[in-house]
Amino acid sequence: MKALVKAAAEPGLWLDERGIPQIGPDDVLIKINKTGICGTDIHIYAWDEWAQRTVPVPMVVGHEYAGEVAEVGANVTKFAIGQRVSGEGHVVGMSSRAARGGRFHLDPETKGIGVNIPGAFAEYLRLPAFNVVPLPDAIDDEIGAILDPLGNAVHTALSFDLVGEDVLITGAGPIGIMSAAVARHVGARHVVITDVNPHRLALASDVADVVPVDVSKEDLRSVTQRLGMKEGFDVGLEMSGAPAAFDQMVENLVMGGKIAMLGIPAGPATVDWTKLVFKMLTVKGIYGREMFETWHKMLAMLESGLDIRKIITHRLPVTEFKAGFEIMRTGKCGKIVLDWKA
Ligand code: NAD
Ligand code: ZN
């Protein structure tokens, strides 16, 4: 089968031939139709320090995908050949206290497909049946291919009650923008999104009904005054990984405000703890998606009018993957979807 492989411990990815994965009795073999390129894949492509530390070589990369069931293991009864599916890319252990307690997303033995174990940028993916999520007819393959990052957005946005609240989102990357659409969908009042990249802010306005703010040019306080918010934002969703954005969020939240933090800073960053303490802020770290509550809510919202289609700005055949990775690096894009059948 064709697969995008990190074949050598150096920058790059290679479209290579690999054997079709052998499945075990509890696995499903998925024929991949479409995949999304994630920031993580860019780190692996660039072979930065994190990737060198984390990814064993050779490795089939990729973890955002939609496809159809091609084969099921002997113990698998609930999936039919040809059924359209996506799935959770975090493969968990079943022995930790968290997993035994049904909090699978907190399992310390979690392995990521396309990072620690073979991934989805291939014609076929082997996945435990436990991880497979059926796709409703209303959700086509290109949306199915970006459910992983949409799930990050949904998990973060639904961490705190947003109904009637004023929400600040820092970072208008694909995930920040999708979280803005979710905040709007569930009934937030003002949704303000910040970035320093005008392309990303323009895309945010295109995808969701938000107030975009270029914080390299405009003072956030003048925006909150203009919107009539006297005390600041009720909830912050940190989606940039930029320490400056986190500081700005702390500064602009109300007393007792809440922050859900998905963005991953490049290294250790200093925080003004005094402000957090005196404002009595709550900060919740967010990793991945809740299994499988996030998946349920995400599919239900997509079926009830949540529209994130415009976040997909580029569609390419997999043979043009290099162009896709280059566009991602420029930041002048939303999600890029690769077609494995083209
Ligand atoms: P992205 O890199 O595409 O977007 C981040 C955006 O933040 C960019 O548009 C950038 O211009 C902007 N930014 C930079 N400095 C800023 C500042 N000072 N103020 C406001 N915006 C600023 O990332 P993404 O794919 O949308 O992911 C969002 C974040 O979530 C990243 O940090 C990513 O590493 C992280 N992530 C975390 C998880 C998790 O499970 N915790 C999963 C996926 C992604
Ligand atoms: Zn990802």
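Below is a table of values for the structure above.
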{"quantity": "Every pair of residues 6+ apart whose Cβ atoms lie under 8 Å, when the first sits in the stretch 255-279 and is under 10 Å from residue 243 (Cβ atoms) while the second is aromatic (Phe, Trp, Tyr) and at pLDDT 95 or above", "calculated": "263/246; 265/246; 269/246; 271/246"}
{"quantity": "Given (1) within 20 Å of the chain's Cα centre (by Cα); (2) outside the structural domain of residue 238 (by TED's automatic domain parsing); (3) surrounded by 13 or more Cβ atoms within 10 Å (Cβ to Cβ), number of the condition residue 318 does not satisfy", "calculated": "(1)"}
{"quantity": "Single residue of 31, 78 found to be more than 19 Å from the chain's Cα centre (by Cα), assigned to a strand (DSSP E or B), modelled with pLDDT of 95 or more and of a type in the set (Lys, Arg)", "calculated": "31"}
{"quantity": "Which listed residue, of 277, 271, 283, is more than 21 Å from the chain's Cα centre (by Cα) and within 28 Å of residue 43 (Cα to Cα)", "calculated": "271"}
{"quantity": "Matching entry among 182, 154 (being away from ligand 2 (no atom under 16 Å from the Cβ), in a helix (DSSP H, G or I) and touching a helix residue (DSSP H, G or I) at 6+ places or on another chain (Cβ under 9 Å))", "calculated": "182"}
{"quantity": "Meets criteria (free of Cβ contacts under 8 Å to residues at least 40 places away in the same chain and either outside any helix (DSSP H, G or I) or not assigned by TED's automatic domain parsing to the domain that holds residue 39 (or both)) for residue 108", "calculated": "yes"}
{"quantity": "Filter result for residue 91 (farther than 20 Å from residue 115 by Cβ and buried (at least 17 other Cβ atoms within 10 Å of the Cβ))", "calculated": "no"}
{"quantity": "Residue match in the stretch 306-328 (condition: without any contact (Cβ under 8 Å) to a residue 60 or more places away in the chain and among the polar types (S, T, N, Q))", "calculated": "no"}
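The values are calculated or read from the model by the stated rules, or taken from the named source; none is laboratory data. Note that the structure is a prediction, hence the values are computed from the model and not measured. Reconstructed Cβ throughout: ideal geometry from the backbone, glycine too, with neighbour counts over all protein chains shown.
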